[in-house]
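Trainee: One structure is given below, represented as structure tokens, and several questions about it will come after.
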Amino acid sequence: MKHTKKYMGLLLAAALVIQAVVPGVQADAKKASKPVLSKKTVKVNEGEKKKVTVKNAKGYKITVKSKNKKIASVSKKGKTAFVVKGVKAGKTKVVCKVKKKNKKKVTLTCTVNVNKMEDSAIQPEVPQITPNNSGGNANEQVPTTAPEPTVTPEPTIGPFPKTDVFSDVPYGFADASDNVENGKIEEFTYTSKTTNKSHKVLVQLPVNYSQDKQYPVLYLFHGENDTESIWKDMAADQIIDNAIAFKAAEEMIVVMPNINGDKDEDIIKDFADALKPEVESKYSVSKERYNIAVAGYGLGGRIALNIGLSLPDQVAYTGAFAPVEGLLPYDGGNGYFSNADFRINENYKDKTFIMIQKGKSDDVAGEAPASYNKALTDNGSECLYLEMDGEHNNELFKAGLYNFARRIFKRGTQDESIVNGFVTKVPDSVSKTASQRGTIEVLEYDTETYDPDNSVSIHKWANVYLPYNYDPDKKYNILYLMHGGGENADTWIKGDNIYGDYTHNQNMINLLFEEGYCEPCIIVNPTFYRPEGVPEPSNAIDLTVLFQYELRNDLIPAVEAKYSTYAGGDVSIESLQASRMHRGFAGLSMGSNTTYQSAFFGNYDLFAWFAPYSGYFETENGNDVDADRLNQIIEEGEANGMPLGYLYCGNGSEDLALAGQLDLMQKALIRSNVLVPGRNYDFVMIPGGIHDMNQWHIHLYNTLKIFFTKE
């Protein structure tokens, strides 16, 4: 399946023509004056917003873009306005493109001057005290004893979800991305107060590092016979930059010292007496323990674990990736701790996070990670223990770093979710045969092609899956599930004539409902294809966009007037909008494009749950504009009482349709103020997954478990 932009000319024409027939949308037939901006220059302070109106723009479509998003961001406000937000002091321009059918595109620009806000924090109001120069006038105010400052309570660590699971480094997280800016890497040297040796240190700064902000800091210790440069060799800097950009990790400063040849006890003493003070004097880092983390692999993992347990007042997060033996008594040594003393200090027991990683085929660290975990847990100290496939090599350490980085500096709140429990392999327990089986009915309905200037009436059908023991007196959630190119309404659940239900989707659905994995729902399998003999558009991809009108005007009303959903048989737009949290749309390949174009872009007011699998076909606007459009729809929905339930994006690392969808969603996630991985969004990658039903079967499993889980 190839990316295409050819169909957009037809789509733009279609949108304008169909405006005349879709309720609530009217075409502007009047001749209007040329569009102009209400302001040519916008002056705004950092963090403040200013609205700009596009005058004479009724009936036009506008797009806006900031020339420098580091200075000022911009977002559409309704159909004929946009909002400029000051980000950082400086000067840039906002470009607004205005387009209307049979009219030449108009490009409008305004200059944005962002002024520095010297002190944007709200200060408490303190009554002014006038100096007593009147010889002791009784009416003069006399200063009283100043109140003691309020102590800011230390944030809690975790708690982490019980479903918390590890994963390998996600696809692309260790690779450079055009969508991700990289932080600057600096170096300095410090002299050990213990050994008098000089040590080289690499420091990775976050993008847009500012001395005006205090950052949490992660200290990374390398393994035996390596140096600080090994972290760059294993793309640790890229993993951190990507994790921050894609909101899997908090902004942080990463410090990588050279500890080659030093004894453990000297390194630990240097950390407290030399390295940490030097970093705190050179960079804007927080000195609070809950913003300090240490981690390392091999020998560095052992050292990090030693620091975390020995200096609990200075470190809150500890990551030991395949740590080697030496902390506990072992053959040939006494260790730094006895088994009984290997524990988190009682004063910090509930404010400390420790993660230990073990590679199943690691013959260097061997059983040391397991023994450390056992000693901690035996002594009542909580530890996240991750045992995963891998040897004692960079790939294992990279996975350890990724899993640690996405968990540190979190507060355990819903908005800072760490993981959602999605699977990349359907559990074996779901493969047994269900005893309670749903039924499939065929629903016929009348619709039309909605082709611009030539809409033809047609008669179509869809499969409707009803869960076992369907009760018309009960209200059901409903999922509209679309097939891909060259397939039909039988593909997903009934099975086609060639392969049948070869991944056993129907049995999996029955079993998920029977075993209580998720609440039973109605599933509708329609088709974007037209009956044989009906005129076709010049590009088949147009069908995935034009389907939005059939979906809204004909399919949903036909289905939900007959079956018992939360619309309650009332298929007016108002009723469908009111029940949107109980309605979802998913699809594969061309059905993925249908999910984006027809459900999300076209009918967001009727759906709250979206699951596009394997593909997005870039429009002529490009993914930058489409990503901004996606975010704008979510933000306006939130503002108007239509929150996003979940946007589950699924793909496979070897899928031919990966590139476009991944690029779109990376752009959207980086720019969004609303999308939060683990709360309302995820891009789930199936390792080795190709463009086939084996991958989509897994995504359907995840979708059914996450959809309709909140009101």
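Derivation of every value follows stated rules applied to the coordinates shown; laboratory data play no part. What you see is a predicted model, and the numbers here were worked out from it, not measured in a lab. Note: ideal-geometry Cβ built from the backbone for every residue, glycine included; neighbour counts use all protein chains shown.
Trainee: Under the rule of at least 5 residues apart or a separate chain, name every residue whose amide H is placed under 5 Å from the amide H of Ile686.
Mentor: Distant-sequence amide H within range of Ile686: Asn651, Gly652, Ser653.
Trainee: On a 0 to 90° scale, report how tilted helix 299-310 is relative to the longest principal axis of the chain, with both axes built from alpha carbons and the result rounded to the nearest 10.
Mentor: It works out to around 70 degrees.
Trainee: Report the Stokes-Einstein translational diffusion coefficient (µm² s⁻¹, integer) for the stretch 499-649, Rh taken as the Kirkwood radius over Cα pairs, at 25 °C with viscosity 0.890 mPa s. List each step's numbers first, then the result.
Mentor: Details: Rh = 16.8 Å.
The calculation lands on 146 µm²/s.
Trainee: According to a simple spin-label model (label point 7 Å from Cα along Cα-to-Cβ), what is the distance in nm between Ile690 and Val534?
Mentor: The answer from the label model is 3.3 nm.
Trainee: How high is the FRET efficiency from Lys88 to Lys55, r the C-beta distance, R0 35 Å, rounded to 0.05?
Mentor: So the FRET efficiency works out to roughly 0.75.
Trainee: Between the helical axis of 8-18 and the dominant principal axis of the chain, each derived from Cα atoms, what acute angle in degrees is found, rounded to the nearest 10?
Mentor: The angle comes out near 60 degrees.
Trainee: Specify which residue in the list Gln238, Ser598, Gln506 is farthest towards the positive end of the charge dipole of the chain, using unit charges on the beta carbon of Lys, Arg (+1) and Asp, Glu (-1), about the Cα centre.
Mentor: Farthest along the dipole direction, towards plus: Ser598.
Trainee: Another question, then. To one decimal place, what orientation-averaged projected area in nm² is obtained for the convex hull of the Cα set of the stretch 31-115? The partial results should precede the final answer.
Mentor: Working: hull surface 19.0 nm².
Mean projected area for the stretch 31-115: 4.8 nm², to one decimal.
Trainee: Tell me, Met693, Met665 in order of fewest to most beta-carbon neighbours within 10 Å?
Mentor: On the way: Met693 20, Met665 25.
Lowest to highest Cβ neighbour count: Met693, Met665.
Trainee: Now, a different point. Filter the cross-link list Lys100/Lys460; Lys51/Lys116; Lys40/Lys103; Lys43/Lys184; Lys276/Lys351; Lys40/Lys99 down to pairs whose alpha-carbon distance in this structure exceeds 28 Å. Spell out each step's value before the answer.
Mentor: Values: Lys100/Lys460 33 Å; Lys51/Lys116 19 Å; Lys40/Lys103 23 Å; Lys43/Lys184 30 Å; Lys276/Lys351 20 Å; Lys40/Lys99 19 Å.
Table pairs above 28 Å Cα-Cα are Lys100/Lys460; Lys43/Lys184.
Trainee: Among DSSP beta bridges lying fully in the chain, give the percent that are antiparallel, nearest 5.
Mentor: Details: 53 of 108 bridges.
The antiparallel fraction comes to roughly 50 percent.
Trainee: OK, next. What ³J(HN,Hα) values, in whole Hz, does the Karplus curve 6.51 cos²θ - 1.76 cosθ + 1.60 give for the stretch 288-296 when θ = phi - 60°, with x put for Gly and Pro?
Mentor: 3J(HN,Hα) across the stretch 288-296, in whole Hz: 6, 4, 6, 10, 10, 9, 10, 7, x.
Trainee: Using only the alpha-carbon atoms, how far is helix 693-706 inclined from the longest principal axis of the chain? Give it as 0 to 90 degrees, nearest 10.
Mentor: Taking the Cα atoms of the chain, the angle to 693-706 is about 80 degrees.
Trainee: Could you order the peptides 371-379, 45-53 from most to least packed, using the average number of other C-beta atoms within 10 Å per residue?
Mentor: Details: 371-379: 18.0, 45-53: 15.7.
So the peptides 371-379, 45-53, ranked by packing, come out 371-379, 45-53.
Trainee: For the chain, compute Rh as the Kirkwood radius over C-alpha pairs and then the Stokes-Einstein diffusion coefficient at 37 °C and 0.692 mPa s; write the answer in µm²/s, rounded to an integer.
Mentor: Numbers: Rh = 28.7 Å.
Using the Kirkwood radius from Cα pairs, D works out to 114 µm²/s.
Trainee: Where in the stretch 526-540 does the label zone of Trp461 land, with the point 7 angstrom along Cα→C-beta and an amide N cut-off under 19 Å?
Mentor: Flagged as within label range: 526-534.
Trainee: With a 10 Å radius around each residue's Cβ, average the other Cβ atoms per peptide and rank 535-541, 519-525, 592-598, 110-116, highest first.
Mentor: Put in order of decreasing packing, that is 592-598, 519-525, 110-116, 535-541.
Trainee: Return the equivalent ellipsoid semi-axes of the stretch 349-481 as a descending list in whole Å, where each equals the square root of 5 times an eigenvalue of the C-alpha gyration tensor. Could the numbers behind the result be given before it?
Mentor: Details: eigenvalues 523, 87, 67 Å².
The three semi-axes for the stretch 349-481 are 51, 21, 18 Å.
Trainee: Cα extents of the stretch 428-706 along the three principal axes, largest first, in whole Å?
Mentor: Principal extents (Cα only, largest first): 48, 45, 41 Å.
Trainee: Any idea what % of Cα-Cα pairs in the stretch 444-551 are farther than 18 Å?
Mentor: Details: 3225 of 5778 pairs.
Distances greater than 18 Å cover 56 percent of the Cα pairs.
Trainee: How do Trp609, Trp492 rank when sorted from fewest to most other Cβ atoms within 10 Å of their own Cβ?
Mentor: Trp609, Trp492
Trainee: Here's something else I'd like to know. As a footprinting exposure proxy, order His199, His459 by other Cβ within 10 Å, with the fewest listed first.
Mentor: Details: His199 21, His459 10.
The order, fewest Cβ neighbours first, is His459, His199.
Trainee: Once you put a point 7 Å from the Cα of Asp175 and another 7 Å from the Cα of Leu656, both along the Cβ direction, what distance in nm separates them?
Mentor: Roughly 1.8 nm, to one decimal.
Trainee: Between the DSSP loop rule and a limit of at most 11 other Cβ atoms within 10 Å, which GluC sites (Glu not before Pro) in the stretch 508-572 are left? Each step should come with its number before you reach the end.
Mentor: Values: sites: Glu514, Glu515, Glu532, Glu550, Glu560; in loops: Glu515, Glu532.
Counting only loop positions with at most 11 other Cβ atoms within 10 Å, the GluC sites (Glu not before Pro) in the stretch 508-572 are Glu532.
Trainee: Go through the stretch 227-235 residue by residue and turn each phi into a ³J(HN,Hα) via Karplus (6.51, -1.76, 1.60, θ = phi - 60°); whole Hz please, and just put x for glycine and proline.
Mentor: Ordered by residue, 3J(HN,Hα) equals 10, 4, 6, 4, 5, 5, 4, 9, 6 Hz.
Trainee: Going by average Cβ neighbours within 10 Å, how do the peptides 80-88, 311-319, 396-404 rank, with the highest at the top? Numbers along the way, then the final one.
Mentor: Values: 80-88: 20.0, 311-319: 21.9, 396-404: 25.8.
Highest to lowest by the protection proxy: 396-404, 311-319, 80-88.
Trainee: Quick one: 3J(HN,Hα) in Hz for the stretch 510-517, Karplus 6.51/-1.76/1.60 with θ = phi - 60°, rounded, Gly and Pro as x.
Mentor: After applying 6.51 cos²θ - 1.76 cosθ + 1.60, I find 4, 5, 4, 6, 5, 7, x, 4 Hz.
Trainee: Quick one: which residues, 5 or more positions from Val42 or on another chain, have an amide H under 5 Å from its amide H? H modelled 1.01 Å from N in the peptide plane, none for Pro or chain starts.
Mentor: For Val42, the qualifying residues are Thr111, Val112, Asn113.
Trainee: Also, quick follow-up: Over all pairs of distinct alpha carbons, what does the Kirkwood formula give as the hydrodynamic radius of the stretch 185-410, in Å?
Mentor: Values: mean 1/r = 0.0577 Å⁻¹.
Result for the stretch 185-410 stands at 17.3 Å.
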